[in-house]
Amino acid sequence: MQDIREQLLTDLAAADTAQAVEEVRIKYLGRKGLITTLAKTTDFSKLGPEEKRNFGRQLNELKQLATERIAAAAAAARSGQAVHKGPALDLTLPGSEHSLGSLHPITLVQMELEDIFQGMGFMVLSGPDVETEYYNFDSLNMPGDHPARDMQDTFWLNSGMLLKTHTSANQVRTLEKYGAPVRAIFPGRCFRYEAMDPSHETTFYQCEGLLVDRNISVANLIAVMKALLGEIFHRDVAVRLRPGYFPFVEPGFELDLQCLLCGGKKCPTCGDGWLELIPCGLVHPRVLEAGGVDTSTCSGFAFGLGLTRLAMMKYGIQDIRRFNSGDIRFCQQFPAAV
Ligand code: FA5
């Protein structure tokens, strides 16, 4: 019976027309078919009661299988569907596993920053990528003829709009909308017409932070920067604070991180052992005024953290060009999405 069963399934797999299926039916279930003959020619008198019962049950099962499979094949052939030709489909086999994918390292670091700042009472906001000249430059104390505009090579659009060169573009939008006091971060994509190298991209991410309230000083800024670095790296890291010039802060600073790839020994990624990571300062009164904030009672600080570079330091990525490479093997090295 086992041989007949296997032969039947093989014949059915090869039968791809209604005519071929009918021939299979005759071969097994016809008057002189193999199953019919087996039933007719078996001498039941020679079998014991137990054997008789087993044989009868197996024969019935075989007959039923043949009837059902032949009917299904005939229906499929009639309706023009291809008759399944491969081995019999086993519905009890486990399914094939689907991979969950993984999060991009920028997304991972951004999520972590959002968590840290939300814990300190900051809102998480976002602004448009295509920005007006006013919010990207003028409102930040950089009028058309200001030489500091040259520090950010800009992609201009024919419409007079531009691709935002920094997340600071969202500062005055935020002040206009929320007034003071306010605490917000705005992570986002920035675009600059730059020559690319291991630490410069034309498309990269920053995370801006803005806090405006009464009596805000450099001491508050440094306290928040320290808390941030401690939570991000979970260990002591060497930083240096030096004066930095940005028209929209006064005083302004550059907070550099000692390169974690080479330990400050100088490598192609950092150049001199340090990486510019978080420029920051106290918000310039002209910016507060542009946002409608009363500068006689309020002051604030702002920072523009290089999120892509932070991800490089956190995950030991030596070349910034990996982030936008679209190479799935790069992303697969990071934790799966949950
Ligand atoms: C700015 O963009 C200022 N808006 C930052 C700021 C905000 C200062 C608030 C004061 C107050 P800067 O051009 O230096 O500054 O860029 C900030 C950070 O973005 C840099 O330290 C660096 O980490 C990152 N960055 C800048 N250009 C690139 C680039 N081409 N590729 C990758 N990261 C970059």
Exercise for the section: Can you tell me which of 47-53, 277-283 comes out highest on packing, and rank the rest after it, using the mean Cβ neighbours within 10 Å? Expected result: 277-283, 47-53
Practice task
First measure r as the distance between the Cβ atoms of Trp156 and Thr297, then evaluate 1/(1 + (r/R0)^6) with R0 = 45 Å and state the FRET efficiency to the nearest 0.05.
Solution key: 0.75
Handout entry: Net charge over other residues, Cβ less than 12 angstrom from the Cβ of Arg31 (K, R count +1; D, E count -1)
Key = +4
Problem - Pairwise label distance in nanometres, Leu29 with Arg242, each label 7 Å out on the Cα-Cβ vector - result: 8.8 nm
Problem - Alpha-carbon Rg with Dmax, taken over the stretch 2-78, Å - result: 13.7, 44
Problem - Accessible area (Å², per residue) of the chain, counting only protein heavy atoms and a probe of 1.4 Å - result: 55 Å²
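Just to verify a number: FRET efficiency for Phe334 and Phe55, C-beta to C-beta distance, R0 = 45 Å, to 0.05? Walk me through the numbers before you get to the answer.
Numbers: r = 61 Å, r/R0 = 1.37.
Plugging the Cβ-Cβ distance into 1/(1 + (r/R0)^6) gives 0.15.
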Completion exercise
Residues whose modelled amide H sits under 5 Å from the amide H of Thr154, counting only those 5 or more places away in sequence or on another chain, are Tyr193
Handout entry: Compactness index (Cα Rg / 2.2 N^0.38 Å), the chain
Key = 1.80
Exercise for the section: Set Lys and Arg Cβ to +1 and Asp and Glu Cβ to -1, take the dipole of the chain about its Cα centre, and tell me which of Leu103, Ala223, Leu210 lies farthest positive. Expected result: Leu103
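Once you have a ≥ b ≥ c as the square roots of the Cα gyration tensor eigenvalues for the stretch 298-338, tell me rounded if a/c is under 1.5, and otherwise prolate or oblate according to whether a/b is larger than b/c.
It is prolate, given that a/c is not under 1.5 and a/b is the larger ratio.
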Problem - Share of carbon and sulfur in the accessible heavy-atom surface of the chain [1.4 Å probe, %] - result: 52 percent
Completion exercise
Rounded to the nearest Å, the spacing of the alpha-carbon centers of the stretch 245-300 and the stretch 116-135 is 16 Å
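Nearest 0.05, what FRET efficiency do Thr92 and Thr10 give at R0 = 25 Å with Cβ-Cβ as r? Write out the running numbers ahead of the final one.
Values: r = 20 Å, r/R0 = 0.81.
With a Förster radius of 25 Å, E is 0.75.
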Handout entry: the chain - charge dipole about Cα centre, Lys and Arg +1 at Cβ, Asp and Glu -1, debye rounded to 20
Key = 1680 debye
Handout entry: Residue-averaged [θ]222 nm for the chain, counting only DSSP H segments that reach four residues, each worth -39500 (n - 2.57)
Key = -11500 deg cm²/dmol
Problem - Lys46 versus Thr203: modelled label distance in nm, points set 7 Å from Cα along the beta carbon direction - result: 8.0 nm
Completion exercise
Once Glu114 and His146 are pulled to full extension, the length gained, defined as 0.36 nm per residue separation minus their Cα-Cα distance, is 8.2 nm
Problem - Heavy-atom accessible area ranking, 1.4 Å probe, most first, across Glu61, Glu97, Glu131 - result: Glu97, Glu61, Glu131
Fill in the blank from the handout: Partner lysines whose C-alpha sits under 27 Å from that of Lys52, ignoring same-chain residues fewer than 8 away, are Lys27, Lys32, Lys40, Lys63
Problem - Segment Glu289-Asp327, extension gain: residue separation times 0.36 nm, minus the distance between their alpha carbons - result: 9.1 nm
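The values are calculated or read from the model by the stated rules, or taken from the named source; none is laboratory data. Here the structure is a predicted model, which means the values were calculated and not measured. Using ideal geometry, Cβ is built from the backbone for each residue, glycine included, and neighbour counts are taken over all protein chains shown. All accessible areas refer to the heavy atoms of the entire protein, side chains included, with ligands and DNA or RNA removed. Shrake-Rupley method; radii C 1.70, N 1.55, O 1.52, S 1.80 Å.
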